[in-house]
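Below is one structure, written out as structure tokens, with a few remarks after it.
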Amino acid sequence: DAKTTQPNSMESNEEEPVHLPCNHSTISGTDYIHWYRQLPSQGPEYVIHGLTSNVNNRMASLAIAEDRKSSTLILHRATLRDAAVYYCILRDGAGTASKLTFGTGTRLQVTL
Amino acid sequence: DTGVSQDPRHKITKRGQNVTFRCDPISEHNRLYWYRQTLGQGPEFLTYFQNEAQLEKSRLLSDRFSAERPKGSFSTLEIQRTEQGDSAMYLCASSRGGSENYGYTFGSGTRLTVV
């Protein structure tokens, strides 16, 4: 699986936007970019995924660079409940089933 | 959709004992995954089922570990002769098959402590 690079930690103030970066310079043409987050004492939770175009859902937005070598997860208004570890994962969309391979992610702290 | 259920939530066992964990996936999901997570690390893949067939096993899954999904529904993960290094959170996830676009739904995990 192609690798991703994320900052170890980030901080944000509540009700402000948060931009979580992810670098994936070795991404292949069939790799989808997936984001999961893990709240304390819970299993990971799917957030969003995309291939080439920017994506929006009720949880977040995903901005994908034109060359696809980086992406940014955007939380439009951070709340205390968004404090979690955020994982950026590449998943091959071609061929047989591929598993999610997690890195160490970005720990997001949200303060009042 | 009742989510992915894992039982028990916590297990404390003595070194050398056998333990078994259960995972009940979302009913219409035909894929089931087991992961292990230690403190400060992301989840590590252990094994994966499509229906009742175990299609992939990680090298992390030593001979002491065995997983089954006998009827393509719930799954069990057994660890024999537990060691202190087995202490971790064991996570189960399920997903639909047919597309790599489908997200995983994870359970809350079973936290194993080997003393």
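Every number here is computed from the coordinates shown, using simple stated rules; none is lab data. Here the structure is a predicted model, which is why all the values come from computation and not from measurement. Glycine also receives a Cβ, built like all others from the backbone with ideal geometry; neighbour counts cover every protein chain displayed.
Per residue and in cubic angstrom, what volume does the convex hull of the Cα atoms of the range B:57-115 have?
On the way: hull volume 6.4 nm³, N = 59.
Dividing the Cα hull volume of the range B:57-115 by its residue count gives 109 Å³.
Per-residue Cβ counts within 10 Å, from other chains only, averaged over A:44-50: what number is that? Don't skip to the end; give the middle numbers.
Details: counts 11, 4, 7, 1, 1, 4, 1.
Average neighbour count from other chains, rounded to a whole number: 4.
Output the antiparallel fraction of DSSP beta bridges having both residues in chain A, as a percent to the nearest 5. Write down the numbers at each step before the final one.
Values: 29 of 34 bridges.
The antiparallel proportion sits near 85 percent.
Counting residues in chain B as N, plug N into 2.2 N^0.38 Å and put the Cα Rg over that result. Write down the numbers at each step before the final one.
On the way: Rg = 13.4 Å, N = 115, 2.2 N^0.38 = 13.4 Å.
It is 1.01.
Enter the mean number of other protein chain beta carbons within 10 Å of the beta carbon of each residue in B:36-44, as an integer.
On the way: counts 0, 4, 0, 0, 3, 4, 12, 9, 2.
Whole-number average of other-chain Cβ neighbours for B:36-44 is 4.
Taking amide H positions as placed in the peptide plane 1.01 Å from N, state which residues far from residue B:87 in sequence (5 or more) or on other chains have amide H under 5 Å from it.
Here B:114 satisfy the definition.
Give me Rg over Rh for the range A:1-84, both radii from the alpha carbons and Rh done the Kirkwood way, two decimal places.
Values: Rg = 12.9 Å, Rh = 13.5 Å.
Taking Rh as the inverse mean 1/r over Cα pairs, Rg/Rh reads 0.96.
So what are the radius of gyration and Dmax for the Cα set of the protein assembly as shown, in Å?
17.8, 54
Report ³J(HN,Hα) in whole Hz for each residue of the range A:57-70, in order, from the Karplus equation J = 6.51 cos²θ - 1.76 cosθ + 1.60 where θ = phi - 60°; Gly and Pro get x.
9, 5, 8, 6, 10, 10, 9, 10, 4, 4, 8, 6, 8, 8
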